[in-house]
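A.B. asks: What follows is a structure written as structure tokens; I'll ask about it next.
The values are calculated or read from the model by the stated rules, or taken from the named source; none is laboratory data. On a predicted model such as this, the values are computed, not experimentally measured, just so you know. Using ideal geometry, Cβ is built from the backbone for each residue, glycine included, and neighbour counts are taken over all protein chains shown. Side chains are part of the model used for accessible areas, which takes the heavy atoms of the whole protein and leaves out ligands, DNA and RNA. Shrake-Rupley method; radii C 1.70, N 1.55, O 1.52, S 1.80 Å.
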Amino acid sequence: MADSKSDSIEGMPHLPTDTERGTKEGVAEVYPDHTHLSKAALINDEIDKFGFGKYQICIWFLCGFGYFLDLAWAKDQEMGVPAGKEGLIYTCANAGLAIGALGFGIITDIIGRKWAFQITCLITSVFGMLLAAPKYNYGAICGIYFLSSIGLGGNIPIDATIALEFLPQKRRAMVSLLSMWQPVGVVVASGIAYGTAAKYRCDTTLPACNAVADGEACCTVSMNMGWRYEYIIIGAMTLAVFAARFFIFKFYESPKFLLSKGKEQEAIDVLHKIAKFNGQPAPTLTVEMFREIDRANGVDPDAEAGRSHAKNVVAGVIKSVGHLKGLFFNKLELFIFALLALAYMGDYWSFNLAGSFLPIVLLKNNVSTGQTTVTDTYREYVYIYLPGVIGAILALFSVQMPLLGRKWSLVLSAALQGLSMAMYTQVKTTAGYVGLNALEYIMQTYFNAVLYASAPELFDTTYRASASGMLSCLGRLAGIAAPFAGQAYLAESSSGILWLGAGGIWLSSFVMIFLPVEMRNRQMY
């Protein structure tokens, strides 16, 4: 977080004022003598000169594919599920997503963006395709889905972090538009499922063969290959994304990450490579400029370099984990983290309540979802989820508007999402259900687009991915708990669940009112 411009005085970039970063003491806790902020400002200047070039375009699309995969994998099916165990696969998936978000978020700030960017897709694709292997083994399917979800869980926080660190200041709003890939992922996955799971499947009245005696009519593996074909196809698509990230596109480590690790020359080298890829003049930034900043702040650059090279691997890892102190010992950053944690938890709470209980609520109210046939089911998916693209487009424009920006876009979109969810209590027709569900998903995509893009902006490079991963993890945990809380209201009053879900996202809207920093016109360090 910092200023909207970098005024240079004798080669020194402008540092943020007290109101721009909280307090000078808060800055000193994270970056002694402001040296890091000064150096990061110089890197920002170079990235701004690149503009939205070929390298940035490639990064945006590859990160977009990560968003695409996030909801494309949100499907499952198996025969012979034990009574009362139907929800186990959802719990395993959410647990994997939570662990993946937390683990990869922290790892990304330790070993770098490059390997985490690539390995998440590899893990998801390998274990995702393995889902087709088990026969009548629901436990194995849940276990493999858990492992696949670990890779998937790291996608959103890592991809948003990477996109932000490579985009110029004036194009950072493009990170919000990445969320358009999520509804597209649902629609594409639904189309794949329509041609596979819906076509090559058993009659729903047939029991699993492991649940009946020999000779009785049952659903065999060969009769029910459709959902396996679906997972193989989506897994192959995920593997293709990994191949694009690893083999086709030459991904360079984030210059800001390298700078945070003291690898100043490597950071400059990356800037030169990006400039060459974009066909632009070489950067004018040199290591000597960084050393001038060190000397101006009373730091001996030669001594610092010597300590950096002397540290061993174990000591380096221990020191790397210590990067989190900048988050938890800076009052401003900790306050922002707490607000965002409540926002994430309210968001995932609301989403999972709606996903778990809305169909049941509609049945209690004698409202049909309109999904009487397989064709109807997938047509409704398109009607409901494809308009989510509109939400991402709304986010792109609203975050750049002076009266809204990131902060009030979050407040407004969350409030409207809660309102649309509360309105479910008045749904009386199938058309009303479909239309309102589409509206709710537009608002949900709008809110998530701003939230996923704004959260990494609000934290510094040393712990940006870690903070984003922890926030996503907390959201996933709230999503796991939400259905258990909703069950208590199901027997008493079906509308109580809807108000519980609306209350969660309204909490998100309320806490965002107190967000102390607006990043619309500020640099991101």
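A.B. asks: Take every Cα pair under 8 Å in the stretch 410-525 that's 6+ residues apart, average their separations, divide by the length, and report that relative contact order as a whole percent.
C.D. replies: Averaging sequence separation for qualifying contacts and normalising by length gives 46 percent for the stretch 410-525.
A.B. asks: A further question on this structure: Cross-link list Lys39/Lys276; Lys407/Lys428; Lys54/Lys273: which exceed 24 angstrom alpha carbon to alpha carbon?
C.D. replies: Lys407/Lys428
A.B. asks: State whether the stretch 411-525 is rounded, prolate or oblate according to the following rule on the C-alpha gyration tensor (a ≥ b ≥ c being the square roots of its eigenvalues): a/c under 1.5 gives rounded; otherwise a/b larger than b/c gives prolate, and the remaining case gives oblate. Spell out each step's value before the answer.
C.D. replies: On the way: a/c = 2.72, a/b = 1.80, b/c = 1.51.
Prolate, since a/c reaches 1.5 and a/b exceeds b/c.
A.B. asks: With θ set to phi - 60° and the Karplus curve 6.51 cos²θ - 1.76 cosθ + 1.60, what are the ³J(HN,Hα) couplings of the stretch 500-511 in order, to the nearest whole Hz, using x for Gly and Pro?
C.D. replies: Each residue's phi maps through the Karplus curve to give 5, x, 4, x, x, 6, 5, 4, 4, 4, 5, 5 Hz.
A.B. asks: Label points 7 Å out from Cα along the Cβ direction at Phe335 and Met423: separation in nm?
C.D. replies: Modelled inter-label distance: 3.6 nm.
A.B. asks: To two decimal places, what compactness ratio does the stretch 203-302 give when its Cα radius of gyration is scaled by 2.2 N^0.38 Å?
C.D. replies: Relative to the rule-of-thumb radius for its length, the stretch 203-302 sits at 2.24.
A.B. asks: Further question on the same structure: Sorted from largest to smallest, which semi-axis lengths in Å does the alpha carbon gyration tensor of the stretch 101-191 give for its equivalent ellipsoid, taking the root of 5 times each eigenvalue?
C.D. replies: 29, 18, 9
A.B. asks: I'd like the carbon and sulfur percentage of the solvent accessible area for the stretch 391-525, probe radius 1.4 Å, heavy atoms only, ligands and nucleic acids excluded.
C.D. replies: Carbon with sulfur: 71 percent of the solvent-accessible area.
A.B. asks: Right, next: How much accessible area per residue does the stretch 183-277 have, in Å², with a 1.4 Å probe? The partial results should precede the final answer.
C.D. replies: On the way: 4360 Å² over 95 residues.
With the other protein chains kept in place, the stretch 183-277 gives 46 Å² per residue.
A.B. asks: 5 Å is the cut-off here: which amide hydrogens, built 1.01 Å from N in the peptide plane, fall below it relative to Ala208, excluding neighbours closer than 5 in sequence?
C.D. replies: Gly80, Cys219
A.B. asks: Could you please state how large a percent of the accessible area of the stretch 90-146 is carbon and sulfur, counting protein chains only and using a 1.4 Å probe?
C.D. replies: Working: 1600 of 2050 Å².
Carbon and sulfur atoms account for 78 percent of the accessible area of the stretch 90-146.
A.B. asks: Would you mind working out the accessible area per residue for the stretch 465-525, using a 1.4 Å probe, and quoting it in Å²?
C.D. replies: 37
A.B. asks: Taking θ as phi - 60°, what are the ³J(HN,Hα) couplings along the stretch 178-186 by the Karplus curve (6.51, -1.76, 1.60), each to the nearest whole Hz, with x for Gly and Pro?
C.D. replies: 4, 5, 5, 6, 5, x, 4, x, 5
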